[in-house]
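Single-structure report; data block below.
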Amino acid sequence: MDLQNLIAKKRSSLKSCKTIITDPLGNKYEVECGQVKKLEKSLPFIIDEKPDLQIANIIPGLYLSSQDPVVCNDLLKKYKIQHVLSIGVNIFEKYDDIHYYTCDLLDLPESNIIPSAKKCIDIIHANHKENILVHCNAGVSRSPTIVIAYLMIIMKLSYDEAYDKVKRARSCIRPNDGFVKQLRSIENTKFVDKA
């Protein structure tokens, strides 16, 4: 039996399967046996309805998370959080016994992180003795970037050392490429005068 006949024989014994494809505009298609059928339009992304309630302790007094724990008073009390620093996110549910700070920063590679980092490092440094939680929407790019910058400037860590420390505490972090490039550019600098 030649290769073509072998492939044809194997293909005929395969079970039929359906593949659902969603394009970037939310158009949804079903593909089965080479036939394409258009389905009802949907959102072009997956909605994650499961909250991310992980609060990572980076160093004593400094915590990192997504936005989900920020509205969970029991978790904030468990970690004795007295300050919350929101990066690019507005929190509407606030608790009287917690101090809130915000910093605007878009999660775009071209966003300049330096002004935000300076502001946030000052806030973190002033409040870490009373437990500060730094968060953004997902706790993956913006807030880890700020925490890494803090470790680099205050603790004098290299980018790789700071990144590894944060990654060990919160494994899902992934600062965008533009943020990484800027963090590497501040390595061994003193853009914030702290001793």
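The values are calculated or read from the model by the stated rules, or taken from the named source; none is laboratory data. None of the values given here were measured: they were computed from a predicted structure. We place every Cβ from the backbone using ideal geometry, glycine too, and count neighbours over all the protein chains shown. Accessible surface areas use protein heavy atoms only, side chains included; no ligands, DNA or RNA. Shrake-Rupley method; radii C 1.70, N 1.55, O 1.52, S 1.80 Å.
Between residue 11 and residue 122, the simple spin-label model (points 7 angstrom out along Cα→Cβ) gives 6.7 nm. When the surface is traced with a 1.4 Å probe over the full set of protein chains, residue 106 keeps roughly 110 Å² accessible. Looking at the chain alone, DSSP beta bridges between its own residues are antiparallel in about 50 percent of cases. Looking at the stretch 52-134, the trypsin sites (Lys or Arg not before Pro) that sit in a DSSP loop and have at most 15 other Cβ atoms within 10 Å of their own Cβ are 80, 94. By accessible area, using a 1.4 Å probe on protein heavy atoms only, the chain has 52% of its surface on carbon and sulfur.
Full-extension gain between residue 52 and residue 181, please, as 0.36 nm times their residue separation minus the C-alpha to C-alpha distance.
43.7 nm
The distance between label points at residue 80 and residue 1 comes to 7.1 nm (points 7 Å beyond Cα on the Cα→Cβ vector). Simple spin-label estimate for residue 71 and residue 38 gives 3.6 nm between the two label positions (7 Å along the Cα-to-Cβ direction from each Cα).
Residues in the chain average 62 Å² of solvent-accessible surface per residue, probe 1.4 Å, ligands and nucleic acids excluded. Counting only protein heavy atoms and using a 1.4 Å probe, the accessible area of residue 29 comes to about 60 Å².
Under 19 Å from a point 7 Å along the Cα-to-Cβ line of residue 104: which residues of the stretch 126-141 have their amide N that close? Only 135-137 pass the distance filter.
One entry in (1) 28, 21, 14; (2) 23, 22, 17; (3) 44, 21, 16 is semi-axes √(5λ) of the Cα gyration tensor in Å calculated from the shown coordinates; its label is (3). By the helix-only formula, in which each DSSP H run with n ≥ 4 contributes -39500 (n - 2.57) and the sum is divided by residues, the chain has a 222 nm mean residue ellipticity of -9500 deg cm²/dmol. Ordered from highest to lowest accessible area with the whole protein assembly present and a 1.4 Å probe, 160, 104 read as 104, 160. Counting only protein heavy atoms and using a 1.4 Å probe, the accessible area of residue 97 comes to about 90 Å².
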